[in-house]
Each structure stands twice: as structure tokens, then as C-alpha cells.
Amino acid sequence: MKRHKKQFAICIRNDDADDLEIRKVYRILPDPRAAKDGLLRVIDESGEDYLYPANYFVAVELPREAEHALSPALR
């Protein structure tokens, strides 16, 4: 079974989104249906996943060590 690589993005804007911090790295959950509508499913500051406009984020690829370090904080 192939394991999916975790996806991360940096928040670059947060208009009317109090649960997002600009310049913070967030974990992105795959959601093809939301992506069709220009949205990303993000685990935000509340620890829950919500949909936000995709243009609030820039996708980043992290080294394995950084991904591992961030994962416990983003569960």
C-alpha cells in the first residue's frame, strides 16, 4: 500500500479568517471536490480542518525532518 506524502502550505493572507496566521505552515488535507471550487482543506489554529480559499496559501515541500517535526503539532 502506497503511503501519501503529507502536504503543507504557507499562509500568505487571512482576510476574515481569524484562525489563520500569515507566514505559518499548515497541513493540507486532500479534498478534490473542494479544489474544484478553488478551496483547500486546512488544519487551522483550532486544530480542526476547514475550507479556505486556495489563494490564501502557497504549497511548500518540506524536508522529511521538518515534516516529522511539524506533524505532532498539526494532528
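Values in this text are rule-based calculations from the coordinates and carry no lab data. Fair warning: this is a prediction, and the values are worked out from it, not measured in the lab. Here the Cβ is made from the backbone with ideal geometry for all residues, glycine too, and neighbour counts use every protein chain on show.
If VAL58 satisfies every condition in (1) over 11 Å from the mean Cα position of the chain (by Cα); (2) within 12 Å of GLN7 (Cα to Cα); (3) in contact (Cβ under 8 Å) with a residue 40 or more places away in the chain but one, which is the exception?
VAL58 satisfies all of (1) over 11 Å from the mean Cα position of the chain (by Cα); (2) within 12 Å of GLN7 (Cα to Cα); (3) in contact (Cβ under 8 Å) with a residue 40 or more places away in the chain except (1).
Taking interchain pairs and intrachain pairs at least six residues apart, which have beta carbon atoms under 8 angstrom, with the first residue in segment 6-21 and loosely packed, with under 15 Cβ neighbours inside 10 Å and the second among the aliphatic types (A, V, I, L, M)?
Cβ pairs passing all conditions: ILE10/VAL25; ILE10/VAL58; ILE10/VAL60; ILE12/ILE22; ILE12/VAL58; ARG13/ILE22.
Looking at segment 11-27 only, could you name the residues that are out of contact with any Asp or Glu (no Cβ under 9 Å at 6 or more places or on another chain) and aliphatic (A, V, I, L, M)?
Of everything in segment 11-27, those that are out of contact with any Asp or Glu (no Cβ under 9 Å at 6 or more places or on another chain) and aliphatic (A, V, I, L, M) turn out to be ILE12, ILE22, VAL25.
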